[in-house]
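The values are calculated or read from the model by the stated rules, or taken from the named source; none is laboratory data. Nothing here was measured: the structure is a model prediction, and the numbers come from that model. For neighbour counting, all protein chains shown are included, and Cβ atoms are generated from backbone atoms with ideal geometry for every residue, glycine included. Accessible surface is based on the protein model in full, side chains and every heavy atom, while ligands, DNA and RNA are left aside. Shrake-Rupley method; radii C 1.70, N 1.55, O 1.52, S 1.80 Å.
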Amino acid sequence: GAVVSQHPSRVICKSGTSVKIECRSLDFQATTMFWYRQFPKQSLMLMATSNEGSKATYEQGVEKDKFLINHASLTLSTLTVTSAHPEDSSFYICSANTRDRGAYEQYFGPGTRLTVT
Amino acid sequence: QKEVEQDPGPLSVPEGAIVSLNCTYSNSAFQYFMWYRQYSRKGPELLMYTYSSGNKEDGRFTAQVDKSSKYISLFIRDSQPSDSATYLCAMKVGYQKVTFGIGTKLQVIP
């Protein structure tokens, strides 16, 4: 099966600092990567969609200057939370798919729990 | 009205019971219907998918889609304590973004 990894799995940072989260597709080339945020007892909310080599498309209400996404290669996407604040504390999950497989197939990473103090 | 409605539960059942999980949706353009299982503090894991209407069975799991009623279901037979997790329904149009339900928390009691 297709494996997506995320690093780190958990991070604690101070308010005002920036945090980078990596998402890698380990055994396939990801045409598209997605970044989600999940608050407790809520569903996954899509933040942005990125295709390799092009700018990310952000969902309404997501600040593109605060959540910087870089999809530099077919196996790596990064999410940088800039000037993090306590309200950014959440569970961030990436997923990836490839047009080599079915359109329904979206593979999720294990998630990164961000805590901003 | 949310695009996808799902009862968050929690749903508690005894081991061995048949579990029925459901979602309704409003967007008639949805083509792919998926069920994900998410354990606490983990990423979602794809359980089953169905394209358009119909049934699909995989082991103890059966997924049903009724596009005329905009209603999808996941049945778990002979439920086990290891099935305890949050189950998210999800749906999409082609390669567009996936829209998730809020998830139903299931607890199977030994």
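Approximating the spin labels as points 7 Å out from Cα along Cα→Cβ, the A:Val3-to-A:His85 distance works out to 3.9 nm. Near B:Gln107, the amide H atoms lying under 5 Å from its own belong to B:Leu11, B:Ser12, B:Val13; only residues 5 or more places off or on other chains count, and H is placed 1.01 Å from N. Excluding ligands, DNA and RNA, the accessible surface per residue across the range B:1-63 is 54 Å² with a 1.4 Å probe. Working from label points 7 Å from Cα in the Cα-to-Cβ sense, the A:Lys41 to B:Val93 distance is 3.3 nm. Over chain A, the reciprocal of the mean inverse Cα-Cα separation, the Kirkwood hydrodynamic radius, stands at 14.1 Å. Charge tally for B:Ile102 (other residues, Cβ to Cβ under 11 Å; Lys, Arg +1; Asp, Glu -1): +1. Local charge sum around A:Val81 (other residues, Cβ-Cβ under 9 Å, Lys/Arg +1, Asp/Glu -1)? Residues close to A:Val81 contribute a combined charge of +1. Classification of the range B:19-110 by its C-alpha gyration tensor yields a prolate form. The axis ratio a/c (a ≥ b ≥ c) is 1.5 or more, and a/b outweighs b/c. The charge dipole of the range B:49-110, taken about its Cα centre with unit charges on the Cβ of Lys, Arg, Asp and Glu (plus for the first two, minus for the last two), comes to roughly 280 debye. With a 10 Å cut-off around each Cβ of B:98-104, the average count of Cβ atoms from other chains is 4. How large a share of the accessible area of the protein assembly as shown, in percent, is made up of carbon and sulfur atoms when the probe is 1.4 Å and the other protein chains stay in place? Whole-percent figure for carbon plus sulfur exposure: 48.
Overall, chain B carries a charge dipole of about 320 debye about its Cα centre when +1 sits on the Cβ of Lys and Arg and -1 on the Cβ of Asp and Glu, all other atoms neutral. Solvent-accessible area lost on pairing A with B (1.4 Å probe, both sides summed) amounts to about 1800 Å².
Projecting the Cα atoms of A:Ala2, A:Pro86, B:Thr24 onto the charge dipole of the protein assembly as shown (Cβ charges, centred on the Cα centre) puts A:Pro86 farthest toward the positive pole. Dipole size of the range A:4-77 about its Cα centre, with +1 on Lys/Arg Cβ and -1 on Asp/Glu Cβ: approximately 320 debye, rounded to the nearest 20. Peptide B:40-49 shows a mean partner chain C-beta count of 6 within 10 Å per residue C-beta.
When the listed pairs B:Lys70/B:Lys97; A:Lys64/B:Lys2; B:Lys56/B:Lys92 are checked against a 21 Å cut-off, the alpha-carbon distance exceeds it for A:Lys64/B:Lys2.
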